[in-house]
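Input: a single structure, listed below in structure tokens.
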Amino acid sequence: MNEKTKNLLNIAIIVGILVFAYAAMNFTSSYSKSIQPSSFRSFSVSGNGKATAVPDVAQFTFSVITQGGKDIVGLQKDNVNKANSAINFVKSKGVDSKDIKTQTYNLEPRYQYYNCPHPESSITPCLPPEIVGYAITQTVSVKIRDFGKIGEIISGVVENGANSVSQLSFTIDNQDSVQNNARTEAIQKAKEKAESVAKAGGFHLGRLLSIEEGGGYVPVQRFAEMGMAQKSTLTPTIEPGSQEVNVVVTLKYEIE
């Protein structure tokens, strides 16, 4: 092999090594960026979206509380009859069975406690608490979708055996729809902010690297505590008001 051929071969080898090194560096850089987006020059912007909706579901609980002596069977019969009467009334007003749920059924003893003298002043032992009767509490949760019947149903369960009505609250049955509207607004605002920042900073927006979402829930439900109810023909006026869903979206962009 002559000298000229050797020189050409050496040059070819050097060029090949340089090409291979350049390709390897590009591959390493691309792979690194693909698994670690933070290696890009990037910036983040946030947008807040709000959607207001009128609640379409009202929920409340009613209880039948029965207290008496030691005749548990008689107490249970009285309690069940009153609770069933109230439930049947709710159903007669068009409330579906799936929207009526028994939350609790409790049978608890009632005690008679004795005031005993100080242990050091008497050798007579103090009598233990004595069971003098029992109390039964049955609590039922009701969802109402026809708001025109809320007041009538609340009054009616009292007239049909319930002696406690509480925890009246309002919520949105399909929260996803309202949340989607808020999310769409939040993303749009974040995009507009990103374009404004890029224009002011003199650079172009690159790829969208990530989206993070916060919020996106209905605030604490409104409650109207009814307390211990008395039998009455009066029908309360119930106003559900409105609820606001907030979604905060953070977009992270590559800087070009």
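The values are calculated or read from the model by the stated rules, or taken from the named source; none is laboratory data. Bear in mind the structure is a predicted one, so any value in this text is a computation, not a measurement. Ideal geometry is used to build each Cβ from the backbone, glycine not excepted, and the neighbour counts take in all protein chains shown.
Worth pointing out:
- Taken over the range 139-166, the criterion of being surrounded by fewer than 16 Cβ atoms within 10 Å (Cβ to Cβ) and either at positive phi or among the small types (G, A, S) (or both) is satisfied by S141, G148, G151.
- Beta carbons closer than 7 Å, at least 6 apart along the sequence or on distinct chains, pair a first residue in the range 125-144 that is touching a residue at least 40 places away in the same chain (Cβ under 8 Å) and closer than 12 Å to T61 by Cβ with a second that is among the polar types (S, T, N, Q) and not in a strand (DSSP E or B) for Q138/N79.
- G215 meets the conditions (1) in contact with a strand residue (DSSP E or B) (Cβ under 7 Å, 6 or more places away or on another chain); (2) more than 30 Å from Q76 (Cβ to Cβ); (3) modelled with pLDDT of 80 or more in every case but one. The failed one is (3).
- When the range 103-117 is filtered for residues that are surrounded by 11 or more Cβ atoms within 10 Å (Cβ to Cβ) and free of Cβ contacts under 8 Å to residues at least 12 places away in the same chain, only C116 remains.
- Given (1) farther than 28 Å from N81 by Cβ; (2) in a loop (DSSP other than H, G, I, E, B), index of the condition G161 fails: (1)
- Filtered residues of the range 72-90 (kept if charged (D, E, K, R) and out of contact with any strand residue (DSSP E or B) (no Cβ under 7 Å at 6 or more places or on another chain)): K77
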